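Notes for the one structure printed next.
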Amino acid sequence: MRRSGGLPVAFGGLCAGSRQFRISELTGTTTNSLRGLAIASGNGLGGKVLTMSRPLSVADYPASRAISHEYDASVGAEGLRSMLAVPVVVRGRVRGVLYGALRQPLVLGDRALSAAVAAARELEQSLAVRDEAERLMDVAQQQPSAAEADPALWEEVREAHVDLRALAHRVADPQLRRELLSACGRLARASSGGTRVPPGRKPVELSPREVDVLACVAAGATNSSAADRLGLRPETVKSYLRSSMRKLGAHTRLHAVVEARRAGLLP
């Protein structure tokens, strides 16, 4: 937001419930007056955004008649005047609010608003992916009898595992990407009963993209459809598949999938 929107101050926070959020992330501030501030639904600019679920802005925060003024002391201590706020909405629910601000009473233009909305959309995608990863981990940690009672359960998990790995490479946040791939690995180990390495044999180590390709193959994808799903060329998919088969000591695609599951690399 600061780089692309010309906003020297940016901050925000995620909701702890449906009625409030706490400001936890700040950049460009010079005081701690806003850090940890709890914003209640309907109060101030952010609270109004939380209630209305749409972007709002004010040209002069302390003088604005469009918002209530419970947080004027904190905003004033930071010297902020012009401000915008954008909701972070995931599956129809506001999960947080992002702010951008100036220290002059000016009307914020389209550039600033567009940057704030783009930042919110990126965060929404990251939160949606993280939510799905947590849901799948919950499924994987169910009692083994659940899979025995409904074999289709693991097929759903395996299909979603492919989607999550593909999404991980589209997430802009590198830390979230690492967390997501780590969660996929835990999911694979949990659903396969953990890594089982025969005595005297070293654990198999595949690259993230090799695992991506094998996950698609395990879901029944052809090289062409795997390439489309992963954003790769078919020739690149073939290369990753050959490499993973060599490392796994497999002679066919199906054999590679079986060995990868035995090694705890796929669910």
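The values are calculated or read from the model by the stated rules, or taken from the named source; none is laboratory data. What you see is a predicted model; the values in this text were computed from it and never measured. So basically every Cβ, Gly included, is an ideal-geometry build from the backbone, and we count neighbours across all protein chains shown.
Return yes when residue 47 is small (Gly, Ala, Ser) and not in a loop (DSSP other than H, G, I, E, B) and no when it is not.
On the way: small (Gly, Ala, Ser): yes; not in a loop (DSSP other than H, G, I, E, B): yes.
Yes.
In region 51-74, which residues are in contact with a Pro (Cβ under 7 Å, 6 or more places away or on another chain) and assigned to a helix (DSSP H, G or I)?
Correct list: 72 only.
Mind listing whichever residues of region 38-63 are surrounded by 20 or more Cβ atoms within 10 Å (Cβ to Cβ) and more than 14 Å from residue 79 (Cα to Cα)?
39, 44, 45, 46, 47, 48, 49, 50, 57, 58
In this structure, is residue 34 in the same structural domain as residue 8 (by TED's automatic domain parsing), closer than 24 Å to residue 18 by Cβ, among the aliphatic types (A, V, I, L, M) and part of a loop (DSSP other than H, G, I, E, B)?
Taking the combined requirement at face value, the residue satisfies it.
Please list, ordered by first then second residue, the pairs with beta carbon atoms under 9 Å, 6 or more apart or interchain, first in region 248-267 and surrounded by fewer than 16 Cβ atoms within 10 Å (Cβ to Cβ), second assigned to a loop (DSSP other than H, G, I, E, B).
If the second residue must be assigned to a loop (DSSP other than H, G, I, E, B), the pairs left are 249/204; 255/249; 258/250.
Quick check, is residue 91 of a type outside the set (Gly, Ala, Ser), exposed (fewer than 13 other Cβ atoms within 10 Å of the Cβ) and on the phi > 0 side of the Ramachandran plot?
Yes.
Looking only at residues that are assigned to a helix (DSSP H, G or I) and farther than 20 Å from residue 205 by Cβ in region 231-267, which one is farthest from the chain's Cα centre (by Cα)?
254
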